[in-house]
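Taking it in order: structure first as structure tokens, then the write-up.
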Number of protein chains: 2
Amino acid sequence: MSILVMKFGGTSVGSTQKILAAAEKAIREKEAGHQVVVTVSAMSGETDRLLNLANEIDPAGSPREKDMLASTGEQVSIALFSIAVQKLGYPAISFIAPQIDMKTDRAHQKARLKSIDGAKIQTALNEDKIVVIAGFQGVTDEGEITTLGRGGSDTTAVAIAAVLGAQCDIYTDVDGVYAADPRIVPKAKRIPVLSYEEMLEMASSGAKVLHTRSVQFAAKYNVPLQVRSSFDDKPGTMIIQEVKTMEQVVVSAITHSMKEAKVTLSGIADKPGTAATIFKFLAEKNINVDMIVQNVAEGDLADISFTVERTDVPYIKKVEMELRSLVDAKKLTYDDKIAKISAIGVGMRTHAGVAARMFDVLAAKGINILMISTSEIKISCVIEEAYTELAVRALCEEFGLEKGEGE
Amino acid sequence: MSILVMKFGGTSVGSTQKILAAAEKAIREKEAGHQVVVTVSAMSGETDRLLNLANEIDPAGSPREKDMLASTGEQVSIALFSIAVQKLGYPAISFIAPQIDMKTDRAHQKARLKSIDGAKIQTALNEDKIVVIAGFQGVTDEGEITTLGRGGSDTTAVAIAAVLGAQCDIYTDVDGVYAADPRIVPKAKRIPVLSYEEMLEMASSGAKVLHTRSVQFAAKYNVPLQVRSSFDDKPGTMIIQEVKTMEQVVVSAITHSMKEAKVTLSGIADKPGTAATIFKFLAEKNINVDMIVQNVAEGDLADISFTVERTDVPYIKKVEMELRSLVDAKKLTYDDKIAKISAIGVGMRTHAGVAARMFDVLAAKGINILMISTSEIKISCVIEEAYTELAVRALCEEFGLEKGEGE
């Protein structure tokens, strides 16, 4: 009998009515012949409610105690979900992390999964139960409660699927992965199938459907993932290993991110080792740099621009003088009114000229490209933030990513 | 170094402000030279909020899952309490039941404590930490989460004190145990010291300050208990083993209970074994009987009256016809407009005539006594409910239980 892991996010279990509706979905899969494992998040708003209580006392509360606190949100959800399944006439049992040895390292609030006792889950499944497991939480070898950080419930679900050799369906408030953000491109296509690599590039360049870590996990253990809606029964987006036919689509998706800021160091001496000095310094300060561009300005002086997360700008400001004196820079400027637009698709491997088409489209709309970076299956351009929507729409049109096209 | 267990109830940790105030109390005891263990209940209203969610789905939800659900309330409190202690500058660590092997039997929602791993608590105390332990919850040998039922956090606190050889202070929203309910007798005395037996009789005859089980536990392991206020620093009521001087007080307290109903079986044959038949039948139906009175009515026919919890009346009504036919009773009547008034004191052992004084006082106020029962240190009378306040006040006056008297 095949095993299906179903993951319901916070909005999908946001009320007792929604929990009952999700329980019905689980029962339908059971009746269709699967053994069913359910992983749930905390009811929407609950994790924030709990952490706000902690912040009222001390925003700098200890990570160990915050994990003790936040992990209760999922425990509430699994108990209610089990009661809902039982109410609908099927046996169910809930497990918190310690009960199935969901082991993690000791990094509170961002713990990494190490192992899961699949045998205990399998025993309950063989007793014909729907097994409901708390997402987001784990336990260390010493019995300490940990949490996995944002998006952790997805990772829990994928990890359980990996251990059980199961498919993993991620239920959410959207009905799949779209070729562009539907709030910007209402006509954007729903993508029926994607490779892990494409999904990873999308997640790390602005798509909010899945977190990078859960997709990496799925790719590593080859767990078939499906992103689908909690509120209807249509199939969603399958995320699987790359297959040959995927290459027929040149560009699968256009993503955008407005979470980055551009930092420019001007008037620095153009000599070997300067860039290395800068980025070693930033790495030591735990500031992640994404794109980098260097250009010679005048004489022997050069400019170096790079992008960082906007939330890191205050940290750079703190060390600005130190950084400038390190490379003898005349000036350091910030620009947080930028957007990163990316075109993603495994088809780029076999189709030439995608970058050129992208630049042409942006140029035709009068959009200035500030920075460019490419990978094997992605091209990213930094532009002025104000042009974000125009750029995304134009690129969707260019690459046939609107509904009714190329289907 | 002496160990002190401090237990804070739901109202004492009902907000983050109150949690900080309670944490300050714990730190003060630490600074006074104690090793401090804190046990907390769920924030006031939280357990009800959680169980209401379960009831929205299914009021008959499985006890296992309800325990999984309800036990989160205390977990939230211990995390917040630890963060509060840390914020105030002292090291603290919280433990849920599985982390200190707080073992119970498998009776969900009314589990009984079997053992606690005191060593882990002692280790944390020796590291100079304030140890914060979730009340109300436990874990079975199989790792299942259980709860101890109403008043369970008191039992947790007393059990930990027993294991550690500590005193146990129960912080609550009243500043001690009163000689009568202050809502009825505003002038009622606060009792400075009580014996376990007196407290037990009080708890089982209507006083709501402590639950019977926690007092039994304290008596069994000779744990000194103190009931005191969360909101001031005055000493409360000490509950300890009986000492000789306690006998100087004839009556320590007057309690009342309006939770009982009187059931009368009329016109039954007055032959040996009838009473046994009735009460065996009720015991089989799990209906607890408190007081029993039998009187011969006319000829060979007798009446039997007994009291039960009012909440059990519907169950008796269900089996009424069966019960009547079993002893061939003509009639079965209910009266739930009754109250049980009790006078309690270890001094009764050495002072004669207490019962007579009680009956005299009630007679003088024109209060009819419907039933009487006595124990070595208690006399209880059932009267009409309407006379409750009058009776309690008159008895307090008679036995010198008002403020300023006998002090």
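Quick note: the coordinates plus some simple rules give every number you see, no bench work behind them. Treat the numbers as computed from the prediction; the structure is a model and nothing was measured. A quick note on method: Cβ atoms are made from the backbone with ideal geometry, for glycine too, and the neighbour counts reach across all protein chains shown.
Here segment A:155-270 was treated as a single set of alpha-carbon atoms; its pair distances binned every 5 Å from 0 give 2, 11, 20, 22, 18, 11, 6, 4, 3, 3, 1, 0, 0 percent. Of the GluC sites (Glu not before Pro) found in segment A:127-227, the ones in coil according to DSSP and having at most 11 other Cβ atoms within 10 Å of their Cβ are A:GLU127, A:GLU142.
For chain A, the longest principal axis of the C-alpha atoms and the axis of helix A:274-284 are separated by about 30°.
Run lengths n ≥ 4 of DSSP H only: what is the helix-derived mean residue ellipticity at 222 nm for chain A, with -39500 (n - 2.57) per run over all residues, to the nearest 500? Only helices count here, giving -10500 deg cm²/dmol. Only one residue of B:SER44, B:MET68, B:LEU113 has its Cα farthest out toward the positive end of the dipole of segment B:11-168, where Lys and Arg carry +1 and Asp and Glu -1 on Cβ, and that residue is B:SER44. Take B:ARG310, push a point 7 Å out from Cα through the beta-carbon direction, and compare it with the same point in every other copy: 6.0 nm, smallest first. Across the alpha-carbon set of segment B:32-168, the Rg to Rh ratio works out to 0.99, Rh being the Kirkwood radius. If you take the Cα centroid of segment B:332-389 and the Cα centroid of segment A:206-224, the two points sit 72 Å apart. Only lysine pairs 8 or more places apart or on separate chains count here, and in segment B:3-173 those with Cα atoms under 16 Å apart total 13. Taking the fewest neighbouring Cβ atoms within 10 Å as the starting point, the ordered list for B:TYR90, B:TYR221 is B:TYR221, B:TYR90. The fewest-to-most ranking of B:LEU390, A:LEU164, B:LEU401 by surrounding Cβ atoms within 10 Å reads B:LEU390, A:LEU164, B:LEU401. Remark: relative contact order (segment B:329-407) = 36 percent; criterion is Cα-Cα distance under 8 angstrom and separation of 6 or more residues. Simple point charges give the picture: +1 on the Cβ of Lys and Arg, -1 on the Cβ of Asp and Glu, and for chain A a dipole about the Cα centre of about 240 debye.
Under the classification rounded if a/c is under 1.5, otherwise prolate if a/b is larger than b/c and oblate if not, where does the protein assembly as shown fall, given a ≥ b ≥ c as square roots of the Cα gyration tensor eigenvalues? Prolate shape, in that a/c is at least 1.5 and a/b is the bigger ratio. Mind telling me which of A:ASP290, A:ASP336, A:ASP105 comes out most flexible in a GNM of chain A, alpha-carbon contacts under 10 Å? In this elastic network of chain A, the residue with the biggest mean-square fluctuation among A:ASP290, A:ASP336, A:ASP105 is A:ASP290. Among the trypsin sites (Lys or Arg not before Pro) in segment B:76-107, those placed in a DSSP loop whose Cβ has at most 14 other Cβ atoms within 10 Å are B:ARG106.
Principal axis analysis of the Cα atoms in chain B yields extents of 78, 53, 32 Å, listed in decreasing size.
Looking at A:ALA26, A:ALA79, A:ILE93, which one has the Cα that reaches farthest to the positive end of the dipole of segment A:1-127 (charges on Cβ: Lys, Arg +1; Asp, Glu -1)? Positive-most Cα among the choices belongs to A:ALA26.
If only the Cβ of Lys and Arg carry +1 and only the Cβ of Asp and Glu carry -1, the dipole of segment A:304-407 around its Cα centre is close to 300 debye.
Close amide H partners of B:GLN167, meaning residues 5 or more places away or on another chain with modelled amide H under 5 Å apart, are B:ILE3, B:VAL5. Inter-copy label distances for A:PRO192: 8.7 nm (label point placed 7 Å from Cα along Cα→Cβ; shortest first).
Averaging Cα coordinates gives a centre for segment A:77-140 and one for segment B:268-287; these two points are 49 Å apart.
Taking 25 Å as the straight-line reach from the Cα of B:LYS244, the lysines in range (excluding those fewer than 8 positions away in the same chain) are B:LYS189, B:LYS220, B:LYS378, B:LYS403. Modelled label positions at A:GLU284 and B:SER115, each set 7 Å beyond Cα in the direction of Cβ, lie 5.5 nm from each other.
Loop-resident trypsin sites (Lys or Arg not before Pro) (DSSP state other than H, G, I, E or B) in segment A:175-239 with no more than 11 further Cβ atoms inside 10 Å of their Cβ: A:ARG183. Three semi-axes describe the equivalent ellipsoid of segment B:193-235; taken as square roots of 5 times the Cα gyration tensor eigenvalues and ordered largest first, they are 18, 13, 9 Å.
How far is helix A:16-31 tilted off the main Cα axis of chain A, in degrees rounded to 10, range 0 to 90? It is inclined by approximately 70 degrees.
Distances between copies of B:GLY33, taken at a point 7 Å out from Cα along the Cα→Cβ vector and listed shortest first: 7.6 nm. Taken about its Cα centre, segment A:3-173 carries a charge dipole of roughly 220 debye when the Cβ of each Lys and Arg holds +1 and the Cβ of each Asp and Glu holds -1. Axis angle, to the nearest 10 degrees, between helix B:388-398 and the longest C-alpha principal axis of chain B: 80 degrees. By Cβ position, the chain B residue that hugs the axis carrying B onto A most closely, with its distance in whole Å, is B:THR72, 2.
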